[in-house]
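Working notes for the structure below.
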Amino acid sequence: MLRVLAARRTDEVVITTMTATLQWPLVSSHPLDFDFLAFGMGHASDFGLGLALARPERKVVVLKGDGGLLMSLGSLVTMGRYGPPNLLVLLLENRSYEMTGGQPIAPKADFVALARAAGIDKVERIEDLGAFERELPSLLTEPGPRFVVLPVINSEPLPPVAHTDHTERVVRLRRGLGISPP
Amino acid sequence: MNGASAARTVALIEDLGFTDVVSIPDGESRHLHRALLESPEIEVYSPTREGEGIALAAGLWVGGRKPFIILQNTGLMEAGDALRGCGIGPSIPLLLLVGWRGYPGAMSGALPVDSAFPYTEPLIRAWELPHRRLMSDDDLGVIGEMAAVAEGTSKPAAVVYGYGFTP
């Protein structure tokens with residue numbers, strides 16, 4: 001799934017958190033990649049919302065897990081209220097805290113229903129890789145905000161955690177966006 | 001002491017160039033919140049919790065905006081991880097306006113003392129946030145002072161208000 005996204009992505013900001021921060025660098029090295037790991041538990045899409053509001057000309061894609069969403073469920077309501085057209089949240093649903101050893105999360109939580117009930121109009125569930133590949137062009141170009149649930153199974157071993165300095169990540173992203181250092 | 005004027009505070013926030021306010025209203029900030037909503041120069045966002053708000057503000061700043069955060073001391077307690085991760089750690093100069101719940105009662109000797117009162121400044125010091133107190137219009141200059149400190153150090157800074165805002 002990440003390879004499909006990386007192949008299609010052009011100038012979108014891509015924010016990753018938790019397990020996706022380990023996997024996304026295997027398929028992408030782009031000035032507008034942003035590793036959110038350790039920036040705040042569960043808050044990747046909140047950060048992405050702020051960035052999307054600040055840069056309406058730029059698509060912002062957030063890759064976050066279902067465990068992370070449960071840490072800040074209110075984020076859905078805020079996205080429903082303020083989410084701009086350039087925000088796309090891809091929820092990687094694996095029903096576990098994969099990065100910490102695969103501990104299970106709430107098995108019955110319906111993330112599509114939660115997002116709709118929170119006021120997000122464009123919510124969908126994409127069940128397989130072929131459908132994701134077909135729908136990705138519209139996900140990246142059509143106005144949102146959009147919230148997409150993607151059931152995923154990780155079939156490859158996770159690489160070790162090796163992240164850059166937090167400040168350097170911010171400086172790099174702002175440079176990629178053409179914003180001068182403060 | 002009866003707090004600062006909401007209208008004067010908003011005018012100051014506008015003059016300082018803030019573009020966005022992320023605010024979870026509480027009883028003491030309600031007049032300020034209302035005045036901010038009437039400002040044509042400032043966008044106001046009200047997330048559901050303070051940690052969410054700090055992350056939202058960090059995204060705004062990274063995207064080139066100049067956000068200002070209003071939260072109660074209890075919200076600051078909730079938002080510790082976001083403050084660490086989205087402010088202190090990545091050197092993002094967020095300015096926090098922190099409502100000091102419990103301060104008026106404690107100053108008047110009322111009992112029981114609100115349990116949020118005694119931890120407020122110790123918590124701010126524990127986070128190593130530079131801060132000043134705002135108790136009346138005479139203190140409004142501390143907002144610009146702390147904004148300059150945040151920008152100069154590329155770290156969050158705080159202004160703590162004890163008596164809320166008058167219209």
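Can you find, within the range B:78-92, the residue that is surrounded by the most Cβ atoms within 10 Å (Cβ to Cβ) among those that are at the interface with chain A (Cβ under 7 Å from one of its Cβ atoms) and not hydroxyl-bearing (Ser, Thr, Tyr)?
Of the residues in the range B:78-92, the ones at the interface with chain A (Cβ under 7 Å from one of its Cβ atoms) are B:81-82, B:85-86, B:89-92.
Subset that is not hydroxyl-bearing (Ser, Thr, Tyr): B:81-82, B:85-86, B:89-90, B:92.
Details: B:Asp81: 18, B:Ala82: 28, B:Gly85: 24, B:Cys86: 32, B:Gly89: 18, B:Pro90: 25, B:Ile92: 27.
The qualifying residue surrounded by the most Cβ atoms within 10 Å (Cβ to Cβ) is B:Cys86.
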Would you kindly identify the helices (runs of 4 or more DSSP H) lying entirely within the range A:70-174 that contain at least 2 residues that are free of Cβ contacts under 8 Å to residues at least 60 places away in the same chain, surrounded by 12 or more Cβ atoms within 10 Å (Cβ to Cβ) and hydrophobic (A, V, I, L, M, F, W, C)? A:111-117, A:129-141
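Filter the range B:135-153 for residues that are closer than 24 Å to B:Arg84 by Cα and buried (at least 16 other Cβ atoms within 10 Å of the Cβ) and give the result. Show your work before the answer.
Taking the range B:135-153 as the starting set, the residues that turn out to be closer than 24 Å to B:Arg84 by Cα are B:142-153.
B:Val142, B:Ile143, B:Met146, B:Ala147, B:Val149, B:Ala150 - these are the residues of the range B:135-153 that are closer than 24 Å to B:Arg84 by Cα and buried (at least 16 other Cβ atoms within 10 Å of the Cβ).
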Scan of the range B:1-44 for residues that are aliphatic (A, V, I, L, M), assigned to a loop (DSSP other than H, G, I, E, B) and touching a Lys or Arg at 6+ places or on another chain (Cβ under 9 Å), ordered by number: B:Leu16, B:Ile24
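So which of B:Leu56, B:Leu37, B:Leu32 is in contact with a Ser or Thr (Cβ under 8 Å, 6 or more places away or on another chain) and more than 8 Å from every other protein chain (Cβ to nearest Cβ)? Break it down into steps so the answer makes sense when it comes.
Values: B:Leu56 fails: more than 8 Å from every other protein chain (Cβ to nearest Cβ); B:Leu37 fails: in contact with a Ser or Thr (Cβ under 8 Å, 6 or more places away or on another chain).
Result of the check over B:Leu56, B:Leu37, B:Leu32: B:Leu32.
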Scan the range B:115-134 for residues that are among the small types (Gly, Ala, Ser) and either buried (at least 17 other Cβ atoms within 10 Å of the Cβ) or in a helix (DSSP H, G or I) (or both) and jot them down. B:Ala116, B:Ala126
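Would it be correct to say that A:Asp35 is within 10 Å of chain B (Cβ to nearest Cβ), among the charged types (D, E, K, R) and crowded, with 18+ Cβ neighbours inside 10 Å?
Details: within 10 Å of chain B (Cβ to nearest Cβ): no; among the charged types (D, E, K, R): yes; crowded, with 18+ Cβ neighbours inside 10 Å: yes.
It is false that A:Asp35 is within 10 Å of chain B (Cβ to nearest Cβ), among the charged types (D, E, K, R) and crowded, with 18+ Cβ neighbours inside 10 Å.
A:Ser29 - would you say it is under 21 Å from B:Glu50 (Cα atoms), outside any helix (DSSP H, G or I), without any contact (Cβ under 8 Å) to a residue 40 or more places away in the chain and not β-branched (Val, Ile, Thr)? Before the answer, list the steps.
Working: under 21 Å from B:Glu50 (Cα atoms): no; outside any helix (DSSP H, G or I): yes; without any contact (Cβ under 8 Å) to a residue 40 or more places away in the chain: yes; not β-branched (Val, Ile, Thr): yes.
For A:Ser29, the condition - under 21 Å from B:Glu50 (Cα atoms), outside any helix (DSSP H, G or I), without any contact (Cβ under 8 Å) to a residue 40 or more places away in the chain and not β-branched (Val, Ile, Thr) - is not met.
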Condition (residue is modelled with pLDDT under 95 and either surrounded by 19 or more Cβ atoms within 10 Å (Cβ to Cβ) or on the phi > 0 side of the Ramachandran plot (or both)) applied to the range A:42-52: is it met by at least one residue? yes
Suppose we filter the range A:77-121 for residues that are among the small types (Gly, Ala, Ser) and touching a helix residue (DSSP H, G or I) at 6+ places or on another chain (Cβ under 6 Å); how many remain? 3
Check whether at least one residue in the range B:52-61 is without any contact (Cβ under 8 Å) to a residue 60 or more places away in the chain, acidic (Asp, Glu), part of a strand (DSSP E or B) and out of contact with any Cys (no Cβ under 6 Å at 6 or more places or on another chain), and report yes or no. no
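So, A:Gly50, is that one part of a loop (DSSP other than H, G, I, E, B), facing chain B (nearest Cβ under 9 Å) and free of Cβ contacts under 8 Å to residues at least 24 places away in the same chain or not? Steps first, please.
Numbers: part of a loop (DSSP other than H, G, I, E, B): no; facing chain B (nearest Cβ under 9 Å): yes; free of Cβ contacts under 8 Å to residues at least 24 places away in the same chain: yes.
In short, no.
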Taking the condition of being under 13 Å from the mean Cα position of the chain (by Cα), farther than 25 Å from B:Val62 by Cβ and free of Cβ contacts under 8 Å to residues at least 60 places away in the same chain, how many residues in the range B:122-154 meet it? 3
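The values are calculated or read from the model by the stated rules, or taken from the named source; none is laboratory data. Computed from a prediction, not measured in an experiment: that's the story for all the values here. As a convention, Cβ positions derive from the backbone with ideal geometry for all residues, glycine included, and neighbour counts pool all protein chains shown.
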